[in-house]
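All of the numbers you see were taken from the coordinates with simple rules; none came from a lab. Everything quoted here is computed from the prediction, not taken from an experiment. Here the Cβ positions follow ideal geometry from the backbone for every residue, glycine too, while neighbour counts run over all protein chains shown.
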Amino acid sequence: MSDEVLPIDRDLFDLLVCPECRKPLKYAGGKLVSTDGATRRAYRIDAGIPVMLIEESQVLSEADWKCAMESEGPIGKGVAAVQARHAPTR
């Protein structure tokens, strides 16, 4: 999936995790969705800014969470992905 599809910077996306469970996020349905099936939280993006407050998140039903996980969309790859993208070339 290309970076143009993400409404936020790819590096930021890869670094963000769910603040409740610390699991990676998936971009699905215009939201950032926790990949943790126990919490099933979705975080909105306002004008390109992720709102990563637990009290502002939405808990998805199990069916909606599974649908989000099965949909197309990138999953954050963590610090290593960001470091690899910015490593000096030789």
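Summary of computed values
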quantity	calculated
Matching residues, region 54-63, being touching a strand residue (DSSP E or B) at 6+ places or on another chain (Cβ under 8 Å) and not polar (S, T, N, Q)	Ile54, Glu56, Val59, Leu60
Qualifying residue in region 13-22 (condition: of a type in the set (Val, Ile, Thr) and closer than 20 Å to Lys77 by Cβ)	yes
Identity of the residue in region 14-72, touching a residue at least 60 places away in the same chain (Cβ under 8 Å) and touching a helix residue (DSSP H, G or I) at 6+ places or on another chain (Cβ under 8 Å), that ends up surrounded by the fewest Cβ atoms within 10 Å (Cβ to Cβ)	Leu15
Residue that is nearest to Arg10 (Cα to Cα), among those in region 37-52 that are touching a strand residue (DSSP E or B) at 6+ places or on another chain (Cβ under 9 Å) and charged (D, E, K, R)	Arg44
